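Undergrad: Encoded as C-alpha cells, here's the structure I'll be asking about.
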Amino acid sequence: MTDQPYTTPPTGSWAIVAPVKGKIVGAIALSVISAIAAIAALLAIPPIATELLSTSPDLDQIWVWVAMSAIAVVISFTTKVFAFSTSHLAAFNLEVILRTTLTEHLAKVPLGYITTIGSGAIKKIVQDDVKSLHAFVADSTPLIGRAYTTPVVSLIAMFVADWRLGFVTLAVLPVGMIFIQLALHDYAEKREEYDRANEQINQVVVEFVQGMQVVRTFDDGSSSFARFQRSLDRFTQITREWNEATQTSGRLGTLLFEPLPTLTIVSIVGAWLMLQGTLEFPRLLVFLLLSPRLCGAFKPIFTLSYFINQSNAGAKRIGVVLAEPILPQPGRPKYPQDASVQIKDVSFSYGVREASPQESRPALHRVSIDIPAESVTALVGPSGAGKTTLARLIPRFWDVSNGAIEIGGVDVRDMTSETLMSWVSFVFQDTFLLYDTIRNNIKLGRPNATDAEVEAAAQVAQAHEFILELPDGYDTIAGERGTRLSGGQRQRITIARAILQDNPIIVLDEATAFADPENEALIQQAIASLTTGKTVIVIAHRLPTIRSADQIVVLDQGNVVESGKHDELVSANGLYANLWKRHEEAQNWQLRTRSVEIRNFAPL
Amino acid sequence: MLKTYRRVFSVAGSYEPQLKIALLLSVIASIVQGIIFALFFPLLSALMTSPIQPQTVWILLGMMGVLVLVEGMLRWKELDFAWDTSNDVAHETRLRLGEQLRRIPLEELNRRRSGDLNVVLSGNVSEIVLWIGSLCTLIIQTIVVPITIILVTLFIDWRLAIALLVSFPFAIPIYRYFRTLMGKALRDVTAVDAEVASRVVEYTQGLPVLRATQQVGQQAQRLQEALSVQRSVQSTAQQLSNLPAIALSTLVEVGIFLVLALGTFLIVQGTLTVPTLFALLVIALRFSEPLAQLTGLLSVFDLMESGLERIEAVMNIAPLPVSPPAAHLTHSDITFEQVSFRYADQIEWTLQDVSFQLPERTLTALVGTSGSGKTTIARLISRYADVQRGTIKLGGVDVRSLTPEELLQHISVVFQDVYLFDDTIRNNIRFGRSTASDADVEAASRAANCHEFISRLPHGYETTVGEIGGALSGGERQRISIARAILKDASIVLLDEPTSALDTESEVAVQRALDQLVSNKTVVVIAHRLSTVVGADRILVLDQGQIVEQGTHAELMEKGDRYSSLWQAQQQSRQWRIAA
C-alpha cells in the first residue's frame, strides 16, 4: 500500500490522515459491510418464525434460514475484525509517517525555533499528539462506518416490514438527535473552559510537587497547600458548573439510549396493531430485533466526538509545527574560504512569538565585529545584553533581521545547513548525551571515525582515563544506572565529540557553575585542546578566563559599547572596567557569621 | 477481585456511602431490567395465542411500562454519583494526596518528584476517580442483567437456560485468560512509547550536532530504530488485544446460535413453544452486545485499577516517626555521632561513620568532590531521611524526637536552584514567615539587596513571578530566596553554594545578601569555591562519605594534604585563559 506524506501542512483530523486515506476508506467500507451483514443475520430470524408458525413447518427451509443467518454472522464478524485491523494498520503507519515527517521538518526549521518551544513540548507533539491521532484513526473510523450504516439499513428493513411501526420507531430518532445536539452543543465551549481549568490545575499540581521540596524547608507546607487548595476549589467549581449545564441532557441521553424504552414503545404499538389484526408476529419480530439497535447505533457518536475533538487538538498542534517555515536554503550553495567570521551591521529582534515581554525591544542593534581566523573573541556583558543571541546567530539559530553574518567571506545564508554545521561547533554548558555508549556519543561528531580516533579525541579531552574506569569502558551506556557521570565528566565527553568533529570555528558558552576544583582543571585542559588553532567565540560569564583573549567585545542592551584587549578596556574605565571591579570584589568575598553589624529581622 | 473492591471504596473516601448507594441502585435497576426482559416470555406467548387475550396483553405491557419508568428513576438517581459525587471524590482525593505530600519524608518526595507524583495528583486522579462510578455501574449492569435473565429462563425452560449459560459465564474466565496474554504486550507498548519519547528528546537536543553530520529525519538512526521497534511492538499488541474481543464475540454468537438451533429442534420435537424461543432470542441479543463490549470495559477497569494502585502507593508512604516526648529546640549547635547513611535505592553507603560537633553561631564549610557526601550532610540536618546508624542532634536533641514543624522552624536553606511560586513577589518572600507584615517583607528584601529591583518591576511587590517569567535573572531570583530566609530568621542556615551558578554581576549582590542572612547564625555551607570559606571556623573535607580532614583554612594548608591540593588546583585554574 502506498502511503503518501503531505503536500501542504495539515490542519485537522481529516487532513492529517491523508497519507493513509486508502486504508481508512477500506476500513470504513469493511465496517459498512459488517454492519449490513449483522442486520442481515437478524433478518433471517423472522422467516424462521413464519415457518414455525405455519401449519406445516418446512424443516429444510428453516435450516436454510438458520444457515444463512450463520453465514451472515460470520461475514459480519470477519469484516469487522478486518476493518479494525486495517484501521489499526493505517494508524500505525500514520504514526510512523507523522513522526518521521515531523522530525525531518524539525531538522530543517531554524534551531532557534526548537530552542524556543523546547524539547519537552516537541516530545509532547511527536509522541503524545501523534498518539492521540491513533485513537481517532484506529478506533473511530470503523465506528463511523457502523454508526451511519446501521440506522439507515435497519430503518429500511423496518419500513419494508411495516411502515406504521416504522414511523413509530423513526420518531425515536429526532428525540435522540435533540439530546445529542444538546450534549454536543455545550460540549465545544464548555469543554474549552474545562480544559483551561484542567490545565491550570495540572500546573498547580506540578508547582505543588516541584516546590514542595523547597517549601518543606520553610514550613510544613501549609501556605503552599492553601494555594493548592484554592486552585482545587476553583477547578471543582468549574467542573460543577459544566455539569450543571450538560447533565440533564446527558442523563436523559444516557437513559433513553438504552434499548428498553424503544423496545417498550415498539411492543405497545406492535401489540395494539396485532390486536387490530393488521400485524403478523414475524413482522413485529423484525422490530423487536432491530429497533434497539437503532439507538445503540448512536452511542458511538458520543464517543466519536470525544475522539475527534481530542485528535483535532493534536492535529492542530502537529500542523503548527509542520507549517513552521524551514530555514531557506541557498539555490547555489557557496563554501567558506577560511575560518574568519564577520558580523556586519547586524540587527536582530525576536519574532512576536519568541519574545518575552522583556525581549520586545531589538535584541541586537547594528552590531559589527570582525573576527579573524584562529583568534579568540570574547563576548562580555550583563545578563540580557545579547551575548547569547549574537553567538546563536552565527549557526543560524535565527536569521538576522538586518545586516549579515559571513564566514570566510560567505554569507551564512548562502551555505547549506550541512556546510554551516560542519564549520561551526558548539560547546554549551548544558551537555547533550545520547542514551547510548560513550563511544557512540563521541562518534556523533564524526560518524565514520575509527575507534582509535575516538579514543584519541577522548584522551585529548581528558576523558579517556575516567572512561576506562567505567564498567564497560567505551561501551558503557551513558547515564545508565550505576554509571552516573558527573557534570564535569559529561562536559568532557561533549568536548571530545567537538574535538573529533574538528570544525574550524568553535562557539563556546562558558559554564557558569563551578565544578569541583579537580574537575575544573580537567575541563580547562580539555577546552584548551579543543580551541587550539581554531577561531573561538566565547560567551564569557566569568571574566578571568578571557583575560588574554585577542578581542573582548562588551555588549550592553544589544549594542556593542566597547571592544579591545583586557588591559585597554580596564584602563578605559567603562562598563568592562566596572564588571572587572565587581569580579575582583566577588573573588575576595568570604562568608563570615560575625563580620557585619547585627541586624535583627525578628518580628517588629 | 476483593482487593479491587476494597480499593475502589478506599478511594471513594468519605463518599463511600454514596458510592455504595450508587452500586446498590445499579444492582437493583439491573435486576428490574432483567425482569422487564423476562416479561417478553409471557408477552409473546399472549400475542401468539389465538385469539389474543387483550386483557393479558395490556396488563403485561402496563407492567413493562411501569417497570421501565422505575428503572429509569433508579438509574437517574444512580447517575448522581457519576455526575456530581465523583467530582467531590476527585476533589477529596487530591486534597488527601496533597496532605500526604506534606508528610512524606523528603527523600521519598525527591525520588518520586519527577513523574510519579505529578501523574498521581493530576492525570490519574481526575481520569480515574471520575470514571469509578460509571464504570462500576456499567460492569454491574453487564453482569447482573444476564444473570437475572438466565435465572428467569431457568424456570421457563432449563434446557435453554443451559444453552445460554454456555455463552455467558464462560466469557469471563476466557477473557481473563486472554488478558494475561495481553498484559505483557501492553507493558511492551508502554515501554517502547517511553523509549520513543526519550529518543525524540534526544534528537531535539542533539539537532545542532546531528545536522552537521546529516543524521536527521530518515537518517536519524537511533530515532528511526526506535520508531520501527515501536511499530512492530504495537502491531503485535494489536493482534493480541484483538484475541479476547474475538473470543468473547465468538462465544456470544455461538451461544445465540446454540439457542436458535436447539430451540428450533425442540419446537419440532414439540417440547418447546414458538413464543418462548423468540422471546429468548430477542432478550439474548440484547445482552450479547454489552457482553461483547465487556472486554473494552474491563480493560478500562484495569487501567483504573493500576491508577488506584499508584494512589494507594503514595498514600501508604509513612511519614518519618517522631519519637516521644516531642522536644523543643533551644540551641542550634549541630552534632553528628557516628552517622552512617545510604539512600533508599542504593547499595553503597553515602556517609560512613561521620562524627563532628558544630558549636552555635559558627560557620562550617563542607568541601569535597561531587559525590563525597557534602550535600547529604546538609540534607540530613533537616531530616531529609533517617540515618541507618548513629545520631544527629540539634541543640542536644535527637532530630528524630522533633516534630517536622519544630525542626523546620529553626532551619533555613538556600539552594543553588531557586524555586519561586507563580504568585506575587511579596507572597513568595512571605513564605518565609506567613505572619509577616508588609513592612517585615520589605525590610527583609532590603537586607537581601532586592528591594531596589523589586520596586522597579511593573507592579512592584505585587508583580507575579509568572508575568515576568524569565525576566528575573538568576541572581535576582536568588536574592528573593535569601529575603525569604532572612524573614524566617531561623537559627540554623544551610547554604548549598548559592553563588556558584551566577555571573559576576549578580554575584556581588547575592554575596551581600548572604552576609545579612548568616550573621549570628549557625551556618553550614557547601563550598565549591574554596576562597569563599577561607574565613570559616571549621572546614570539613569529605571524600567518599568520610571526613578525611578538618580544621581551619590555615591549619589545613599547613598540613599540606588533601585540602591544600584542592586549594592549589583551584588557584591554578583561576589563572587559566582561553586561547586559540
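Every number here is computed from the coordinates shown, using simple stated rules; none is lab data. Everything quoted here is computed from the prediction, not taken from an experiment. Using ideal geometry, Cβ is built from the backbone for each residue, glycine included, and neighbour counts are taken over all protein chains shown.
Undergrad: What is the fewest-to-most order of A:Glu374, B:Glu225, B:Glu507 by other Cβ atoms lying within 10 Å of their Cβ?
TA: Going from least to most buried by this count: B:Glu225, A:Glu374, B:Glu507.
Undergrad: Something else now. Between the DSSP loop rule and a limit of at most 13 other Cβ atoms within 10 Å, which GluC sites (Glu not before Pro) in region B:280-385 are left?
TA: In loop regions of region B:280-385 (DSSP not H, G, I, E or B), the sparsely surrounded GluC sites (Glu not before Pro) are B:Glu348.
Undergrad: Right, here's the next one. At 222 nm, what helix-only mean residue ellipticity would chain B give, in deg cm²/dmol to the nearest 500, using -39500 (n - 2.57) for each DSSP H run of four or more?
TA: About -21000 deg cm²/dmol.
Undergrad: Using Cβ contacts closer than 10 Å as the measure, can you line up B:Glu99, B:Glu108 from fewest to most?
TA: Going from least to most buried by this count: B:Glu99, B:Glu108.
Undergrad: Inside 10 Å of the C-beta atoms of A:96-109, what's the mean count of C-beta atoms belonging to other chains?
TA: So the per-residue partner count for this stretch is 5.
Undergrad: If you don't mind, another one. Which whole-angstrom value gives the distance between the alpha carbon centres of region B:132-147 and region B:31-103?
TA: First find each Cα centre; the distance between them is then 11 Å.
Undergrad: Take the residue pairs B:Lys3/B:Lys184; A:Lys344/A:Lys565; A:Lys387/A:Lys534; A:Lys581/B:Lys559; A:Lys21/B:Lys184 and return only those whose Cα atoms are more than 24 Å apart.
TA: Over 24 Å apart, Cα to Cα: A:Lys581/B:Lys559; A:Lys21/B:Lys184.
Undergrad: What whole-number distance in Å separates the alpha-carbon centres of region B:513-549 and region A:30-108?
TA: About 76 Å separates the Cα centre of region B:513-549 from the one of region A:30-108.
Undergrad: Quick check: from the Cα gyration tensor, does chain B come out rounded (a/c under 1.5), prolate or oblate?
TA: In terms of gyration-tensor shape, prolate.
Undergrad: Helix B:438-447 against the longest principal axis of chain B: what's the angle in degrees, Cα atoms only, rounded to the nearest 10?
TA: Helix B:438-447 sits roughly 50 degrees off the main axis of chain B.
Undergrad: Moving on to the next point. What is the helix-to-structure angle for B:504-518, meaning the angle in degrees between its Cα long axis and the longest Cα principal axis of chain B, kept from 0 to 90 and rounded to the nearest 10?
TA: With both axes taken from Cα atoms, the answer is about 90 degrees.
Undergrad: Percent antiparallel among DSSP beta bridges with both residues in chain A, to the nearest 5?
TA: Here the share of antiparallel DSSP bridges comes out near 50 percent.
Undergrad: For region A:408-489, what does the alpha-carbon gyration tensor say about shape, rounded, prolate or oblate, given a ≥ b ≥ c as the root eigenvalues, a/c under 1.5 as rounded, and a/b over b/c as prolate?
TA: prolate
Undergrad: Can I ask one more? Going by average Cβ neighbours within 10 Å, how do the peptides B:14-27, B:37-50 rank, with the highest at the top?
TA: Highest-to-lowest ranking by the protection proxy: B:37-50, B:14-27.
Undergrad: Does the protein assembly as shown classify as rounded, prolate or oblate by the C-alpha gyration tensor (a ≥ b ≥ c root eigenvalues; a/c under 1.5 gives rounded; else a/b over b/c gives prolate, otherwise oblate)?
TA: Prolate, because a/c is 1.5 or more and a/b exceeds b/c.
Undergrad: Taking chain A as the reference, fit the longest principal axis to its C-alpha atoms, fit the long axis of helix A:163-215 to the helix C-alpha atoms, and give the angle between the two in degrees, 0 to 90, nearest 10.
TA: Compared with the principal axis, the helix lies near 20 degrees.
Undergrad: For A:Met158, B:Met557, what ranking results if the residue with the fewest other Cβ atoms within 10 Å of its Cβ goes first?
TA: In order of increasing Cβ crowding within 10 Å: B:Met557, A:Met158.
Undergrad: Continuing with this model, one more query. Can you give the Kirkwood hydrodynamic radius of region B:158-271 from its Cα pairs, in Å with one decimal?
TA: 17.9
Undergrad: As an exercise, use a Förster radius of 22 Å and the Cβ-Cβ distance of A:Met68 and A:Ile156 to find the FRET efficiency, rounded to the nearest 0.05.
TA: E between A:Met68 and A:Ile156, to the nearest 0.05, is 0.75.
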